[in-house]
Structure formats: C-alpha cells, structure tokens
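Peer 1: Please read through the structure below; I'll follow up with questions.
Please treat every number below as a calculation from the coordinates, not as lab data. Owing to the predicted nature of the structure, the values given are computational and were not obtained by experimental measurement. Counting neighbours? That spans all protein chains shown, and the Cβs are built from the backbone with ideal geometry, glycine included.
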Amino acid sequence: MTQSELAPLDILHTLGINGTPIVTPVLGGFDMAMWKVEHEGKTSALRVFRAGAHEDCEHEREVMDAARAAGLPVPEVQRAGVWQDRPALLITWLAGRPLEDELRARPWRLWSLGVTFGRMQARIHAIPAPALLRQQPDAWITWQCEGEQILQDRLRHLYSDQMALLHLDYHLRNVLTDGKHITGIVDWTNALAGDPRADAARTISILRFDPLARKPLLVRLGLRIFEQAWRAGYQHERGHLKDMSLFYAWAGTVIQRNLAPRYKHIPNELAPARRWTNKWKARTGCERFSALTIDKLP
C-alpha cells in the first residue's frame, strides 16, 4: 500500500481531528501506511491499514492495550475509525529513536542496550496474552510454516501450553531508545499467544539474517556482541532458554518465508538463512541430513 493513494488530512477529519494538522510520511509497511501528525501542540502517529483489514486493526489495538496496561512503553490509542473501508488508528507518538540508529551512532552502547533489550522482551513474555489471541493457541506454530507438518507436529508435542504475549517482530527497528532506556515498542501486527521461546528464536533469526545484505565484519561482530547481551538480559529476568532447537528451526523457516518475496530475483541471498535452518532441522529430525554433512552449529 502506497501513501500516495491515501489522503491523510481527510482520514484525520474522519477521526475527528479538525483544523490543519501537519502530517509527515513515515516509513510504513507492505499493508500499512503511517504519518507523523502534529496538531495543537501534540504529536501523534496515524496508522492506516489496507482496505477491509478490520480484524487486523482490532487485533493490534487489543494487543497494544494489553501491553500498555501491563506497564510497557507502548503507544496509546487516541482515536479509531474507518475511511473508505480502511481502518485507521491515531496513537501517541513515542519519544526516542530506533535502537538500530542509536547503535550506529554510539556503538559503545552495544552491551548495555543489548541487556536492556533482552530484559524488555522478557517483560513482554511475562504478560498473559489477551483473550483475542488466546482463541488461536496454535496460530504461532502454523504462521508462515505451510507444508512443514513434521516441524509443526514436533512443536505441538514440545509446546508447554503457555499463553504468553509474543511480539514476533521484536528487533532493532521496532524498539525505541533515548540512549539509556527503552522508550517504546512498536509494530504489534504479528503479535500472537504462545511459547516465549518462539519469540526469542524469532528475534535471533532477525538479528542474524534480516537484512541479508552482506554486512562489514565489524557490524557482524557488533551484532554478535549485542546478541550475547540480549541473552544476558533476557536470562536475568526469566532464566535460561532451554530446548531451543525446534524453535530455531521454526524461526529459520519463518524468516525464509518472510524474505523470499524481497529476494525472489536473487534467491541465493537466502542461502545463509537456509543453511542455518537446515542445521536445526537436521538436529531435531525434521529433515533427513547425514550427520557427516552438518557443519558445526553456531
């Protein structure tokens, strides 16, 4: 969905915002557009969903309400409405900038912010999923895993029946910071109920393989340090992550499905993610690989 096909001022008027607010486009997503809105001394964010996506909008609204009620730095929904069959939310604008930008400017904060990043994700997992998400307890297992029946069956067997809140897109661009603390967690579109280990594995896969563009050595080393700091912070709050192999296989499968459209003309770029996924599948018996061909796991 492109922002050029939408009329943000008309959408704001539909939501009851009159006058002449200042609207600035913000990078959105495939199925969502977003603007920064400045009006009467206040700053908000306008999120507009694709036509007919009423369930998606209600899903995100309920998840943000639950996370905010639990004390997390999550946007507050100020107004909601529909413009030309497109659901829209006006939410509070959170202070800070993405962790990715902060670490690029101040790389010496890799460890401290990594620990904080991990502790915050552990806080998310301490929240019981809202009722809307609990209605589909297996949704995270089947998400982006069509045709992976063996993997799905093994996850159901291992699944601990936890109904924790999972963000499922918790990464450096969706977490905001003031340089010391986390000031915001955004983009709850993928959130589901399930086993926290799935969300942790998903974060690891994103840190390692998205984006797939070849990174300089120092950046790769920095991300590995950040990953270790994330583990330390997470484990401080919730203890060690155990029996992760199946969850890594699941997360690798998901990220390949996520990235495939972006790299359909250069599929070889997916090779690192594919190798990582296949190693974990082989270790868990979800793929038939000779142990002699498996490289040492990271």
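Peer 1: Using only the alpha-carbon atoms, how far is helix 149-158 inclined from the longest principal axis of the chain? Give it as 0 to 90 degrees, nearest 10.
Peer 2: 90
Peer 1: Expressed in nm to one decimal, what extension gain is obtained for the pair Asp153 and Ala69 from 0.36 nm per residue of sequence separation less their Cα-Cα distance? Before the final figure, lay out each step's value.
Peer 2: On the way: separation 84, 0.36 × 84 = 30.24 nm, distance 3.42 nm.
Length gained, Asp153 through Ala69: 26.8 nm.
Peer 1: Would you grab the residues whose amide H sits under 5 Å from the one on Gly81? Only those 5+ places off in sequence or on another chain, please, with H modelled 1.01 Å from N.
Peer 2: Ala88
Peer 1: For the chain, what relative contact order do you get, as a whole percent, if you take Cα pairs closer than 8 Å and at least 6 residues apart?
Peer 2: Working: 476 pairs, mean separation 49.0, N = 298.
It rounds to 16 percent for the chain.
Peer 1: Note down the net charge around Glu237, summing +1 for each Lys or Arg and -1 for each Asp or Glu among other residues with Cβ under 9 Å from its Cβ.
Peer 2: On the way: positive: Arg119, Arg123, Arg238; negative: none.
My count for the surroundings of Glu237 gives +3.
Peer 1: Pick the calculated Kirkwood radius over Cα pairs in Å for this structure from (i) 20.4; (ii) 21.0; (iii) 24.7?
Peer 2: (i)
Peer 1: Looking at the range 19-107, which GluC sites (Glu not before Pro) are in a loop (DSSP not H, G, I, E or B) and have at most 13 other Cβ atoms within 10 Å? Spell out each step's value before the answer.
Peer 2: On the way: sites: Glu38, Glu40, Glu55, Glu58, Glu60, Glu62, Glu76, Glu100, Glu102; in loops: Glu40, Glu76.
The qualifying sites are Glu40, Glu76.
Peer 1: What is the extension gain from Gln135 to Lys36, computed as 0.36 nm multiplied by their sequence separation minus the C-alpha to C-alpha distance, in nm to one decimal? Walk me through the intermediate numbers first.
Peer 2: Values: separation 99, 0.36 × 99 = 35.64 nm, distance 3.34 nm.
Gain on extension, Gln135 to Lys36, equals 32.3 nm.
Peer 1: Output the antiparallel fraction of DSSP beta bridges having both residues in the chain, as a percent to the nearest 5. Don't jump to the answer; show the numbers that get you there.
Peer 2: Numbers: 34 of 34 bridges.
Around 100 percent of the beta bridges assigned by DSSP in the chain are antiparallel ones.
Peer 1: Here's something else I'd like to know. Ranked by Cβ crowding within 10 angstrom, fewest neighbours first, how are Asp161, Asp199, Asp187 ordered? Could the numbers behind the result be given before it?
Peer 2: Working: Asp161 7, Asp199 26, Asp187 21.
Ascending Cβ contact count within 10 Å gives the list Asp161, Asp187, Asp199.
Peer 1: Specify the longest stretch of the chain that does not include any exposed loop site, a site being one of the trypsin sites (Lys or Arg not before Pro) with a non-H, G, I, E, B DSSP assignment and at most 10 other Cβ atoms within 10 Å.
Peer 2: On the way: sites that count: Arg214, Lys242, Lys264, Arg288, Lys296.
The segment 1-213 is the longest one with no such site.
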